[in-house]
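Chemist: Before we start, here is the structure in question, set down as structure tokens.
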Amino acid sequence: MRTYILKRLLLMIPTLVGITLLTYAIVRLAPGDPVAAMIRAQAGDINPRVFAKEADAIRERLGLTDYNLWGEDPEHIDPAEYLVNAFWGYGRWVAHMVRGDFGESMKFRTSDGSKSPAALYLERAHITIPLNVIAEIIIFSIAIPIGLASARYRGKFFDRASTVGLLLLWSIPAILAGTLLIGFLGRGGIGLWAFPPSGLHSSGHDTMGRWEWTLDLLWHVTLPIACMVYGGLAYLAKLGRASLLENLRADYVRTARAKGLPERRVVYHHALRNSLIPMITVMVMMLPALIGGSVIVEKIFSIHGMGTLVVGAAQSRDLSVIMFGTLLYGTLTLAALLVADILYAWVDPRVRFE
Amino acid sequence: MADTMPRGFRPPALRVAVLCLGAAALVAALLGPARADTVPDFTPEQMGGTLRRTMTAEPQNLNPLTGKDIYERLVNEFVYERLIIRHPDTLEFEGQLAERWDVSPDGRVVTFHLRPEARFSDGHPVTADDVVFTYETVTDPKIDCRSLASYFKDCRKCEKIDDLTVRYTWKEPYFKTLEVSGSFNPILPKHVYEKHVRADPESEDPKHFNKLVQGFIGSGPYTFVKWTTGQEIVLARNTNYWGKPRAFDRIVYRIIVDTQASVQAFLARELDDLPITPDWWDKLKDHEERGKTFRMYRYASPANGYSYVAWNNAKYRSVTKSDGSEERIAEPHPIFGDKRVRRAMTHLIDRKQILKHLYYDIGQVATGTFWPHSPQHDAETQPWPYDRAEGMRLLKEAGWEDRDRDGWLEDRTGKRFSFEWTFSTSGGDTRLPRLLKEAFRRVGIEVQTRFIEWSVFVLKLDRREFDAIILGWGGGGVESDPYQIWHSDAIADQGHNFITFRNAEADRLITTARAELDPAKRTVLYHQFHRLLHEQQPYTFFIARESLRLVSTRVENVNVRRVGIDIEEWWIPKEKRLKQGGGAP
């Protein structure tokens, strides 16, 4: 077991190198100059001569001067040289990264002015993780009972109704659902309810007492969480249903029934326990997603989360933020895979690793 | 795009047309600043309460010199002051930090006499040292504010005469010397920032001026309180303010990304004002609450700007010289090098219909580069009408007709009238490209639409590698200088004249007007220039935008002035103030 874990850990290194190298190359080799484009877009000015110095200063800070690929027109540069420069640039990023230097963002900053990618992700993690944890808990506590109930009453009305209903929910895009939620249930909309249409706090929340503050927060997160939850239900419910059905057909269930155990005991004691095993994988694999955040939900509800950070960085080709994100999600995903495999062996004695 | 930093003129900015429309509304909120006799003397009952506003995105930073976006200006507008500003009705300059000023007859020397009572929010008086310090910081090559500095490149010096007198000396006579010297720089306190400017920018010194992002001290009626990223920015009344106090205790900007959400927040009375886009104007104009809980304002502001189709007047060819170096030679564009073709293109675009259907009839068909309400604008010039027959006649005259009866126009050598129309993918709305492509197909002109990312798009502009593009310029202020966009000097070095418009008469008019200090004579020159542009049609001028704004009926004293709406005139009666901004019920 120990050698297996060690092997898997060592294998993570080349995988991560592959992921980061690919990301780096894509970001750097795409034509156009994001540094100049950003400065000019902000300033509302297009004359690059005026900003050349400023762009150089920013490139210097970001450590992009040695192997500058941006700002060169790809049609006017030797492709071989271009590729080699990209590799050197990547090497430089690795060398800095190993020493714990992740560079600085060219676009984002935290409330206290830090531009380090780690601080940026951390600041937003405070918002994204609790939101996602609540959403996941709700998803699990609704979807699994639904799934199990539909398996138990397979072919009956409840099974069919829940299948159709969940499929419908699953097919609604979040952007539409979010807008509808705000429009129908948000303040200033149709007026069915008065949930706040944006943000996580009311203005003046810093003067509220603890209870009032918590209530205010819950009040604000209701719509975003509803928007995050509805789509995830279908998948998990279907999984629970399939898993329980499989177990209900298994020999040991037939044996249990044959020896005259009451149906309740057969289902809830024997079959249910075993059918929860595949859920472990799902639960662990959701860990990286917890940090991912949902760009669409964050945008619609003006939530300052990690999703908008990642996408915003990708759009403006904010290299250090993209690379930190890639490394973070890459590591988390690989780690989650490993943890899931280990848990599997732990729960199911039949699984053995060589 | 925006014009607030310097209250009058700023470099016209480049934006994708559709993007501009969204942002233009915001810009309007920025301009329209008064602080003149138009700000009332508020009674103690009128003072108090919070003005709740919104932004769709965050500023990059709140440093008044290195901050570059409109959001920074939206906030710093209330924190900083300038020597002079334009009166919102007469558009004439009047003193803000300066009490009076003298301009030498040739316009080269501008002397400002500061108000002895002016104070920064920390109580220090505003002196000539602060003005000189600000000028030196702006022009310091180590400070990240090259765009502002570029306006002072013809300024020889800024010197202190005595504590309350400061003098700018310029190299050339120029009609904007007073405006640039007096209204472009927000005045910073030397005693606070000197050490930050002196700090070594090379070392990782967090104290260096370029690294300061918030908490700035100015002399304006409000001071910075806090900025919670992704949530809100708060300003509070400057209790030490030297001038007339403003009505609100606090101004709070909430960051709301989604337009639907911000409109709803406004309708739920969580915001006091909201700039909106034409499509929202159209949706809300018959809203039952209009007139009851909110009013809608539609007005022109010098910040509005216009959108246009730019026809590349030149085509560049690379030539390898004998020493092996490469040179790019401009030749007239095979299609758009001919002014008859450019004018024909204008005749073939139904701008009125586009204005009606895509922009809900908000704005007007543009005829030139000046703000339609500026004296520079020649009111006699009417837009070329949509006239297919005239367009086809001009094309025939220029040699384009359907010679082989295949439905497409050809030139004399049989080459088809076909060109590439480049759009930026960040433009959003794709209706316009599709509409134009179809309109031109019907008259036998083949348009190949090409969508590219913004950063590649600007690269194409720099290299002048395009046939036609759609873009917008932000407002150039009350009186703008066409030099940067239209003079042939701005062709080289990737200047703003990216269409390579080269016209000797235009150059002459621009240069003469720049040195003409008599406004009446200058106006004559600019009217001539306007007519020349109209005749030449280097652009098809598209739509001159307007500002749209929702304001809550809680707010009193909302006035539309010639430069727009100034929120410093506003106040909210006590009974309408909220204890807290809408929490859980």
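The values are calculated or read from the model by the stated rules, or taken from the named source; none is laboratory data. For clarity, every value in this text was computed on a predicted model and none was experimentally measured. So basically every Cβ, Gly included, is an ideal-geometry build from the backbone, and we count neighbours across all protein chains shown.
Chemist: So, in region B:274-290, exactly how many residues are more than 14 Å from chain A (Cβ to nearest Cβ) and either free of Cβ contacts under 8 Å to residues at least 60 places away in the same chain or surrounded by 18 or more Cβ atoms within 10 Å (Cβ to Cβ) (or both)?
Modeler: Within region B:274-290, residues that are more than 14 Å from chain A (Cβ to nearest Cβ) and either free of Cβ contacts under 8 Å to residues at least 60 places away in the same chain or surrounded by 18 or more Cβ atoms within 10 Å (Cβ to Cβ) (or both) number 6.
Chemist: To continue, here is another question. What are the pairs with Cβ atoms under 8 angstrom where one residue, in region A:89-109, is under 23 Å from residue B:211 (Cα atoms) and within 14 Å of chain B (Cβ to nearest Cβ) and the other, located anywhere, is assigned to a loop (DSSP other than H, G, I, E, B) and acidic (Asp, Glu)? Sequence gap at least six, or different chains.
Modeler: A:105/A:318; A:106/A:318; A:107/A:318; A:108/A:318
Chemist: Out of all the residues in region B:515-537, which are among the acidic types (Asp, Glu) and surrounded by fewer than 19 Cβ atoms within 10 Å (Cβ to Cβ)?
Modeler: B:518, B:535, listed by residue number.
Chemist: Which of (1) buried (at least 21 other Cβ atoms within 10 Å of the Cβ); (2) in a loop (DSSP other than H, G, I, E, B) does residue B:469 not meet, given it meets every other one?
Modeler: So the condition that residue B:469 fails would be (2).
Chemist: Continuing with the same structure: Quick one: would you say residue A:217 is assigned by TED's automatic domain parsing to the domain that holds residue A:300 and touching a Phe, Trp or Tyr at 6+ places or on another chain (Cβ under 6 Å)?
Modeler: The answer is no for residue A:217.
Chemist: Could you tell me whether any residue of region B:556-569 is buried (at least 20 other Cβ atoms within 10 Å of the Cβ), modelled with pLDDT under 90, in a loop (DSSP other than H, G, I, E, B) and out of contact with any Phe, Trp or Tyr (no Cβ under 6 Å at 6 or more places or on another chain)?
Modeler: Yes: region B:556-569 contains one or more residues that are buried (at least 20 other Cβ atoms within 10 Å of the Cβ), modelled with pLDDT under 90, in a loop (DSSP other than H, G, I, E, B) and out of contact with any Phe, Trp or Tyr (no Cβ under 6 Å at 6 or more places or on another chain).
Chemist: For region B:63-98, which residues satisfy the criterion of being surrounded by fewer than 22 Cβ atoms within 10 Å (Cβ to Cβ), within 15 Å of residue B:187 (Cα to Cα) and within 14 Å of chain A (Cβ to nearest Cβ)?
Modeler: Across region B:63-98, the qualifying residue is only B:66.
Chemist: When you check residue A:320 against the structure, is it surrounded by 23 or more Cβ atoms within 10 Å (Cβ to Cβ), closer than 25 Å to residue B:425 by Cα and either hydrophobic (A, V, I, L, M, F, W, C) or within 14 Å of chain B (Cβ to nearest Cβ) (or both), yes or no?
Modeler: Criteria not met by residue A:320.
Chemist: Considering region B:455-476 alone, what residues qualify as being small (Gly, Ala, Ser) and within 13 Å of chain A (Cβ to nearest Cβ)?
Modeler: B:455, B:472, B:474, B:475, B:476
Chemist: May I pose another question? When the residues of region A:159-175 are filtered to those that are of a type in the set (Val, Ile, Thr) and away from chain B (no Cβ under 14 Å), which remaining residue is surrounded by the fewest Cβ atoms within 10 Å (Cβ to Cβ)?
Modeler: The selected residue is A:164.
Chemist: For region A:261-278, state whether one or more residues are touching a Gly at 6+ places or on another chain (Cβ under 8 Å) and either crowded, with 17+ Cβ neighbours inside 10 Å or outside the structural domain of residue A:340 (by TED's automatic domain parsing) (or both).
Modeler: yes
Chemist: Are any residues in region B:229-271 under 24 Å from the mean Cα position of the chain (by Cα), surrounded by 23 or more Cβ atoms within 10 Å (Cβ to Cβ) and in a loop (DSSP other than H, G, I, E, B), and if so, which ones?
Modeler: B:256
Chemist: Any chance you could count how many residues in region B:241-273 are touching a strand residue (DSSP E or B) at 6+ places or on another chain (Cβ under 6 Å), within 11 Å of another protein chain (Cβ to nearest Cβ) and touching a residue at least 40 places away in the same chain (Cβ under 8 Å)?
Modeler: Going through region B:241-273 one residue at a time, the tally reaches 9.
Chemist: A follow-up question, please. So, restricting to helices (runs of 4 or more DSSP H) that lie completely within region A:176-281, which ones have at least 2 residues that are within 12 Å of chain B (Cβ to nearest Cβ)?
Modeler: Answer list for region A:176-281: A:210-248.
Chemist: Could you grab me the full set of residues in region B:438-455 that are modelled with pLDDT of 90 or more, buried (at least 16 other Cβ atoms within 10 Å of the Cβ) and of a type outside the set (A, V, I, L, M)?
Modeler: Residues satisfying the conditions are B:440, B:444.
Chemist: OK, next. What number of residues within region B:53-105 satisfy the criterion of being under 19 Å from residue B:568 (Cβ atoms), polar (S, T, N, Q), in contact with a strand residue (DSSP E or B) (Cβ under 8 Å, 6 or more places away or on another chain) and outside any strand (DSSP E or B)?
Modeler: Counting residues in region B:53-105 that are under 19 Å from residue B:568 (Cβ atoms), polar (S, T, N, Q), in contact with a strand residue (DSSP E or B) (Cβ under 8 Å, 6 or more places away or on another chain) and outside any strand (DSSP E or B) gives 1.
Chemist: Here is a further query. Could you list, ordered by first residue, the pairs with Cβ atoms under 8 Å in which the first is in region B:498-520 and touching a residue at least 12 places away in the same chain (Cβ under 8 Å) and the second is of a type in the set (Gly, Ala, Ser) and part of a loop (DSSP other than H, G, I, E, B), at least 6 apart or interchain?
Modeler: Short answer, once both residue conditions are applied: B:517/B:107.
Residue by residue, here is whether (1) charged (D, E, K, R); (2) more than 14 Å from chain A (Cβ to nearest Cβ); (3) surrounded by fewer than 23 Cβ atoms within 10 Å (Cβ to Cβ) holds:
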| residue | (1), (2), (3) |
| --- | --- |
| B:136 | yes, yes, yes |
| B:150 | no, no, yes |
| B:156 | yes, yes, yes |
| B:159 | yes, yes, yes |
| B:168 | no, yes, no |
| B:177 | no, yes, no |
| B:180 | no, yes, yes |
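Chemist: Within region B:480-512, which residues are within 14 Å of residue B:530 (Cβ to Cβ), away from chain A (no Cβ under 12 Å) and assigned to a helix (DSSP H, G or I)?
Modeler: Those that are within 14 Å of residue B:530 (Cβ to Cβ), away from chain A (no Cβ under 12 Å) and assigned to a helix (DSSP H, G or I): B:486, B:505, B:506, B:509, B:510.
Chemist: What about residue A:167, is it in the same structural domain as residue A:139 (by TED's automatic domain parsing) and assigned to a helix (DSSP H, G or I)?
Modeler: yes
Chemist: Let me ask you something else. Residues in region B:412-452 that are part of a helix (DSSP H, G or I) and without any contact (Cβ under 8 Å) to a residue 60 or more places away in the chain: how many?
Modeler: Total meeting the criteria: 7.
Chemist: Sort out which residues of region B:420-444 are out of contact with any Pro (no Cβ under 9 Å at 6 or more places or on another chain) and closer than 19 Å to residue B:315 by Cα, and write them in order of number.
Modeler: B:420, B:422, listed by residue number.
Chemist: Would you check if there is a residue in region B:325-340 being surrounded by 20 or more Cβ atoms within 10 Å (Cβ to Cβ), in a loop (DSSP other than H, G, I, E, B), touching a helix residue (DSSP H, G or I) at 6+ places or on another chain (Cβ under 7 Å) and modelled with pLDDT of 90 or more?
Modeler: So far as region B:325-340 goes, yes, one or more of its residues are surrounded by 20 or more Cβ atoms within 10 Å (Cβ to Cβ), in a loop (DSSP other than H, G, I, E, B), touching a helix residue (DSSP H, G or I) at 6+ places or on another chain (Cβ under 7 Å) and modelled with pLDDT of 90 or more.
Chemist: Can you tell me which of A:342, A:322 is under 26 Å from residue A:174 (Cβ atoms) and in the same structural domain as residue A:175 (by TED's automatic domain parsing)?
Modeler: None of the others qualify; the one that does is A:322.
Chemist: Do we have residue B:225 as of a type in the set (Val, Ile, Thr), within 13 Å of another protein chain (Cβ to nearest Cβ) and crowded, with 20+ Cβ neighbours inside 10 Å here?
Modeler: no
Chemist: In region B:517-528, is there at least one residue being part of a loop (DSSP other than H, G, I, E, B), among the aliphatic types (A, V, I, L, M) and more than 18 Å from residue B:77 (Cβ to Cβ)?
Modeler: Yes, that holds for at least one residue.
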